[in-house]
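**Student:** Take a look at this one; I'll ask things after.
Each value in this text was obtained by applying a stated rule to the coordinates, not by laboratory testing. Model, not experiment: these values are computed from the prediction. Here Cβ is always computed from backbone atoms with ideal geometry, including for glycine, and neighbour counts include all displayed protein chains.
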Amino acid sequence: MSIKALNTISFKNIWLVSFPIILSNVAQNIVNVTDTAFLGHVGEIELGAAGNAGIFYFVMVMLGFGFSVGCQILIGRRNGEENFTAIGKLFNVSLFASVGMGIMMFLLLRFGSGAFLSNFTASPRILENAIAYLDYRSIGIIFVYINVLFMAFFTGITKTKILIFITLVQSVVNVFLDYGLIFGNFGLPELGIEGAAIASVISEASASLLFVFYTLKFVDLKKYGLFQFNRLEFSALKRAYKIASPIMLQNTISLSSWFIFFLIIEQMGERELAISHIVRSIYMVMMIPLFGFSSATSSLVSNVIGEGGVNHVFKLVRNIIILSVSATVIMMIINLSFPIQILSVYTQDVDLINACLPVLHVITATMFMFSIAYILFSAVTGTGNTLHSLAIEVITIIAYLYGAYLIGVKYDFSIATVWCSEFIYFGGMGLFSFIYLWKYNWTMKQDLRIIYMGTPDFAVAPLKALIETGFNIVGVITSPDKPAGRGQKIMQSAVKQFADQYELKTLQPTNLKNPEFIEELKALNANFQIVVAFRMLPEIVWNMPEHGTMNLHASLLPQYRGAAPINWAIINGEKETGVSTFLLKHEIDTGDLLEQEKVTIDPNMTAGELHDILMEVGARLVVQSTSAIANGTTNPKPQQDLKLKAAPKIFKADCKIDWTQPIDQIHNFIRGLSPYPAAWSTIQAKENGKKLTFKIQEVDKIIDPHNLATGTIITDDKTEIKIAVDGGFIQLNKIQLEGKKAMETRTLLNGFKIGEFELV
């Protein structure tokens, strides 16, 4: 068990991470409370309009917020792994993307909100004021997108104190400008609801400026590689969007559901809408500590997993729930003890206050359930399995909105009864999150700390499948970069290129027995290794992890042990082959079998085509076998002692075609070496004896008995080249002359007279 992980889950550390977030949420909610309180004194119409427009605005904000949460999870994971440069790469490109998304959302809000709201708003007065509010408020969304990404960065690296100061400044700016611009104080114009929108925009812009200034001044830019926009790695966005997309959709759906909820209430009347927005503001204040603890939950869960302490996640969640419930009980006591005083902040209308009281009691009761359910839900998000959190959100929202519609519209119950639908929402969220955390096998996937070894394309697909399935890849071992081609350009292996896209820790040893490499390997603290198309491992490497080392081999073992199983299976005319997973031991390709899957070889299939099929089948089998290892359900079986066919490494000399062989053997030989290393032959000019070597990439087999001498070249010098062999002809469809690129026969014959040559 990791000491670092134990420190992470302590009450002290949870509080140290959560408290600044809570305080920043306090400051942020001062903005919301101030807007609602001030506009409540202007009028119920303005209050309802700003409330509905504000919720619609934050629906658009949720896309950026969801993206930032995905980034926060990845930043937290990389911070736990101490992979700081990966954090910078992700932040830089994410900031670029966030600004772009913010601009798009501004345009959508500025020019599309009026048409949208007009279809759902019953009151013309509320519609007019809502549009006026959004005309100005829309500008601020660009700054909001920037701010939430900075918050994700500081939360992900668990440096959250700065959030207090920045949001405090933001709230002070907003309160000052709200009071001035709504009522015309401090020499400022009296703008009413429009003034509230302008104040919010300026406060959001001030927060953005402070985030940039603080980061430039006090963060180690070199350590993280921040603000290096000349070297944006857009590949880093792929992983972020993969995690963030469900969260973006989930948060958008979540707040959209609240928007729909308030549209349902708006159908009940302007007073009911005003009541609901007052209570919503109080509700948001009560949620402040819960949002702080929930944000800390997703980051801390991600950090603990990155630190190798997946078994500590449950204790972490329990500790956060204890703190969350404790804070909520205090808020509930305050709410129940001083309801009139709290409501008086928003309105002095006694009738309106009395109408709000039953709803206030309902939301106070829901908070206890919320304090547990939301922490469980945030823990699901923190595990990185965001598709599951999306599914939980969608299911609960459908039930929630349907319940609200039945209560409020169809059966015309009171506004307080409509708000009871919150019990449906949090009850469903808590139940499904609990089931996921305690019954789903995500812990097994995360507890299995995997080192992956491979080099070529064949090894990329299994690695990709493991990542997408949710397995914890703590390191990748691949071949060193080396110069290649005429220009001797430094080339990276396919696995290295893929690993870089996902910011995976990568080692490229030249000597697998090097003591420094062995120490680096041990430091990764892996308990399982997977090898796909890599070098032969020394025992000190393959015998290191607790659960051993698994190999994927492209044949049905024990047949075709060796370096080139795909090629030899076709060369030998096999009708089927497959892939095998097995546990390594001393002798090459002889370990106990885990699983196998057969693949049919079509009569004209090349080694390249078979390679691609086996690559995908192999990826699936690797995930299947790894899941069995994680679940403890493997049943390794010794390989059978059979008459074996070998698959030794193929050298250039082995690829020369023997044209005297029967047609089927030649055909199998050529397609078994296509496209690489490729079968070859030599031709000689009839006049001057000049010899040329050529490779054959694609052929057809033509069964047609003849009396021609073996090796006779038949061509029309336009479209066709055939070689006479025993049993028919080998038709050459794609050829590569030495020093040239591979060409279709038709193209080759445009400038080359093969009829002037003969086989030698």
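**Student:** For segment 71-224, just the Cα set please: Rg and Dmax, both in angstrom.
**Tutor:** Calculated on Cα positions, Rg and Dmax stand at 18.4, 56 Å.
**Student:** Label Asn707 and Ala115 with points 7 Å out from Cα along Cα→Cβ: what is the distance between them in nm?
**Tutor:** Reported label-point gap for Asn707 and Ala115 is 8.2 nm.
**Student:** Can I ask one more? Would you mind checking the tilt of helix 124-137 against the longest principal axis of the Cα atoms of the chain, expressed as 0 to 90 degrees and rounded to 10?
**Tutor:** Approximately 60 degrees, to the nearest 10.
**Student:** Summing +1 for each Lys or Arg and -1 for each Asp or Glu, what net charge is found among the other residues whose Cβ lies under 15 Å from the Cβ of Gly727?
**Tutor:** On the way: positive: Lys701, Lys722; negative: Asp658, Asp664, Asp700, Asp704, Asp726.
Counting the neighbours of Gly727, the net charge comes to -3.
**Student:** Among 744-750, 730-736, how do they line up from the highest to the lowest mean number of other beta-carbon atoms within 10 Å? Numbers along the way, then the final one.
**Tutor:** Details: 744-750: 15.4, 730-736: 19.3.
Going from most to least packed, we get 730-736, 744-750.
**Student:** Still on this structure: Would you list the P(r) distribution for segment 3-443, with all Cα-Cα distances sorted into 10 Å bins from 0 and each bin expressed as a whole %?
**Tutor:** Binned Cα distances yield the sequence 5, 21, 33, 27, 12, 2, 0.
**Student:** Still on this structure, please answer the following. Can you check what the Kirkwood hydrodynamic radius comes to for segment 593-663, Cα pairs only, in Å to one decimal? Don't skip to the end; give the middle numbers.
**Tutor:** On the way: mean 1/r = 0.0631 Å⁻¹.
The Cα-based Kirkwood calculation yields 15.8 Å.
**Student:** Another question, then. Which angle from 0 to 90°, rounded to the nearest 10, does the C-alpha axis of helix 663-672 make with the longest principal axis of the chain?
**Tutor:** In the chain, helix 663-672 runs at an angle near 40 degrees to the longest axis.
**Student:** Extension gain Asp612-His361, at 0.36 nm per residue separation less the Cα-Cα distance, in nm?
**Tutor:** Details: separation 251, 0.36 × 251 = 90.36 nm, distance 6.28 nm.
That works out to 84.1 nm of additional length.
**Student:** On C-alpha positions alone, give me the angle between the axis of helix 313-337 and the longest principal axis of the chain, in degrees, nearest 10.
**Tutor:** 20
**Student:** Based on the Cα gyration tensor of segment 652-759, what are the three equivalent ellipsoid semi-axes, each the root of five times an eigenvalue, rounded to whole Å and given largest first?
**Tutor:** Sorted largest first and rounded, they come to 19, 17, 14 Å.
**Student:** Tell me the net charge near Pro20. Cut-off is 11 Å between Cβ atoms, Pro20 excluded, with +1 for each Lys or Arg and -1 for each Asp or Glu. Could the numbers behind the result be given before it?
**Tutor:** Values: positive: Lys159, Lys161; negative: none.
After counting each charged neighbour, the total is +2.
**Student:** Going by C-beta contacts inside 10 Å, put Ser580, Ser479, Ser138 in order with the fewest on the left. Walk me through the numbers on the way to the answer.
**Tutor:** Details: Ser580 26, Ser479 18, Ser138 23.
Taking fewest neighbouring Cβ atoms as first place, the list is Ser479, Ser138, Ser580.
**Student:** Which whole-number percent gives the relative contact order of the chain, counting Cα pairs below 8 Å spaced six or more residues apart? Please list the in-between numbers first.
**Tutor:** Values: 1360 pairs, mean separation 79.0, N = 760.
Reported relative contact order: 10 percent.
**Student:** Once you order the gyration tensor axes a ≥ b ≥ c over the Cα atoms, which shape class does segment 244-349 get: rounded for a/c under 1.5, otherwise prolate or oblate by comparing a/b with b/c? Display every interim value, and only then the final one.
**Tutor:** Details: a/c = 4.18, a/b = 1.61, b/c = 2.59.
Note, shape of segment 244-349 comes out oblate.
**Student:** Then there is this: Calculate, in nm to one decimal, what Asp349 and Gln497 gain on full extension: separation in residues at 0.36 nm each, minus their alpha carbon distance.
**Tutor:** On the way: separation 148, 0.36 × 148 = 53.28 nm, distance 6.60 nm.
Here the segment from Asp349 to Gln497 would lengthen by 46.7 nm.
**Student:** Sticking with this one: Treat the count of other C-beta atoms within 10 Å as a stand-in for reagent exposure and order His388, His667, His706 from fewest to most.
**Tutor:** On the way: His388 20, His667 23, His706 14.
With the sparsest Cβ surroundings first, the list reads His706, His388, His667.
**Student:** Count neighbours as other Cβ atoms within 10 Å of each site's Cβ, and list the GluC sites (Glu not before Pro) in segment 55-131 that are DSSP loop with at most 16 such neighbours.
**Tutor:** Values: sites: Glu81, Glu82, Glu128; in loops: Glu82.
Sites meeting the loop and neighbour criteria: Glu82.
**Student:** Moving on to the next point. If you take the Cα Rg of the chain and divide it by 2.2 N^0.38 Å, with N the number of residues, what do you get?
**Tutor:** Values: Rg = 33.5 Å, N = 760, 2.2 N^0.38 = 27.4 Å.
Normalised by 2.2 N^0.38 Å, the Cα Rg of the chain equals 1.22.
**Student:** At 0.36 nm per residue, and after removing the present C-alpha to C-alpha distance, how many nm does the segment from Trp438 to Arg318 gain when stretched out fully? Provide the component values of the computation, followed by the final result.
**Tutor:** On the way: separation 120, 0.36 × 120 = 43.20 nm, distance 1.23 nm.
So the extension gain works out to 42.0 nm.
**Student:** Starting with the fewest neighbours, write out Thr510, Thr121 ranked by other beta-carbon atoms found within 10 Å of each beta-carbon.
**Tutor:** Working: Thr510 8, Thr121 21.
Ascending Cβ contact count within 10 Å gives the list Thr510, Thr121.
**Student:** R0 = 41 Å: FRET efficiency of Glu758 with Asn83, Cβ-based, nearest 0.05? If you can, show how the numbers build up before the last one.
**Tutor:** Working: r = 61 Å, r/R0 = 1.50.
Efficiency computed from Cβ-Cβ geometry: 0.10.
**Student:** What's the Cα-based Rg to Rh of segment 159-317, Rh via Kirkwood?
**Tutor:** Values: Rg = 20.7 Å, Rh = 19.9 Å.
Taking Rh as the inverse mean 1/r over Cα pairs, Rg/Rh reads 1.04.
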